[in-house]
1. Place +1 on the Cβ of every Lys and Arg and -1 on the Cβ of every Asp and Glu in the chain, take the dipole about the Cα centre, and give the residue among LEU127, PRO33, PHE240 whose Cα lies farthest towards its positive end.
2. Projected onto the charge dipole of the chain (+1 at Lys/Arg Cβ, -1 at Asp/Glu Cβ, origin at the Cα centre), which of LEU62, ALA42, ALA215 gives the Cα projection farthest towards the positive end?
3. Accessible area per residue for the stretch 157-211 in Å², computed with a 1.4 Å probe and the full protein assembly in place, what is it?
4. What residue among TYR39, TYR177, TYR82 shows peak mean-square fluctuation when the chain is described by a Gaussian network model with Cα springs under 10 Å?
5. If PHE182, PHE84 are ordered by their accessible area, calculated over protein heavy atoms with a 1.4 Å probe, which sequence runs from highest to lowest?
6. Run the helix sum for the chain: -39,500 (n - 2.57) per DSSP H stretch of 4+ residues, divided by residue count, reported at 222 nm to the nearest 500 deg cm²/dmol.
7. Would you please classify the overall shape of the stretch 115-245 from the alpha carbon gyration tensor, given that a ≥ b ≥ c denote the square roots of the eigenvalues, rounded means a/c under 1.5, and beyond that prolate means a/b larger than b/c while oblate covers the rest?
8. For SER7 and ALA91, FRET efficiency with R0 = 35 Å and r from the beta-carbon atoms, rounded to 0.05?
Amino acid sequence: MNHEFVSLNMMLIGFAGSELELWRQGVALASIPVDLSVYDTAPGIAALAQGGVDICVLDGGLPDAVKQAALASTKALRSRPYLFVRAARGAAMPAGMTGMLTKPVDVADAHRLVELCVRTKLPTRALVVDDSSTMRGIVRKILSACRFQLELHESEEGLAALERLRREPFDLVFLDYNMPGFDGCEILSEIKREVPQVAVVMMTATVDTEVADRAAALGALGFLRKPFYPADIDRLLDRFYGFAV
């Protein structure tokens with residue numbers, strides 16, 4: 001993953017006491033410099049509207065009207081922050097939010113949550129591999145509509161994609177199963193052998209469940225059956241980034 005940011009601006013709204021101190025300590029341990037600001041509700045929403053914030057975490061105990069006001073305050077911004085809600089595991093995510101975070105239980109857990117937020121704001125490079133230029137365009141359009149920003153690249157053939165992965169850093173590969181020559185699972189196997197840190201999502205129009213099982217056994221992050229939609233990508237990216245709530 002390329003860390004192109006010199007630093008990130010992170011805001012907490014509605015936190016206090018021992019939990020706030022955990023967040024402060026977690027930020028201090030971040031892998032890149034993070035400038036932290038802490039606000040009560042009304043001043044925080046006003047500060048959000050001024051821009052310059054990369055990540056904002058809202059206390060899940062705040063009223064829904066406050067969360068929506070925070071979201072509304074960012075809509076006119078050219079560079080909008082990612083908005084996270086700290087809530088209990090399994091809680092429904094308010095509309096428009098980027099992700100859900102659990103309550104940190106100790107400093108190590110707070111550090112993990114901060115790193116999770118930071119990771120979403122660092123450049124995430126994704127390679128779309130499909131022999132159909134039309135399908136690559138469709139996949140790009142769907143990926144562009146998901147909650148997270150991806151830096152998208154394309155390859156029309158599996159071996160060419162593998163060669164590119166050897167030369168360039170990528171975080172994600174969206175790999176079609178049905179391609180001339182080596183099929184997607186064969187390419188997946190090579191990717192996991194040569195660049196195991198890269199997450200791979202298999203795509204196919206087939207209804208054969210054995211393909212999904214084979215991809216999972218080879219280490220695929222997930223499986224997408226065409227046609228798929230931005231919400232399907234969001235669920236996969238929640239898993240990729242670590243939002244297991």
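1. Result: PRO33, furthest along the dipole toward the positive end.
2. ALA42
3. Per-residue value: 44 Å².
4. Looking only at TYR39, TYR177, TYR82, the largest GNM fluctuation is found for TYR39.
5. Details: PHE182 105, PHE84 0 Å².
Listed by decreasing accessible area, they come as PHE182, PHE84.
6. Details: 9 runs with 101 residues, N = 245.
My calculation for the chain gives -12500 deg cm²/dmol from helical runs alone.
7. Values: a/c = 1.35, a/b = 1.25, b/c = 1.08.
Rounded.
8. On the way: r = 31 Å, r/R0 = 0.87.
That gives a FRET efficiency of 0.70.
The values are calculated or read from the model by the stated rules, or taken from the named source; none is laboratory data. Computed from a predicted structure; not experimentally measured. Methodologically, a virtual Cβ is constructed for each residue, glycine included, from the backbone with ideal geometry; neighbour enumeration extends over all protein chains shown. Protein only, heavy atoms only, side chains kept; ligands, DNA and RNA dropped before computing areas. Shrake-Rupley method; radii C 1.70, N 1.55, O 1.52, S 1.80 Å.
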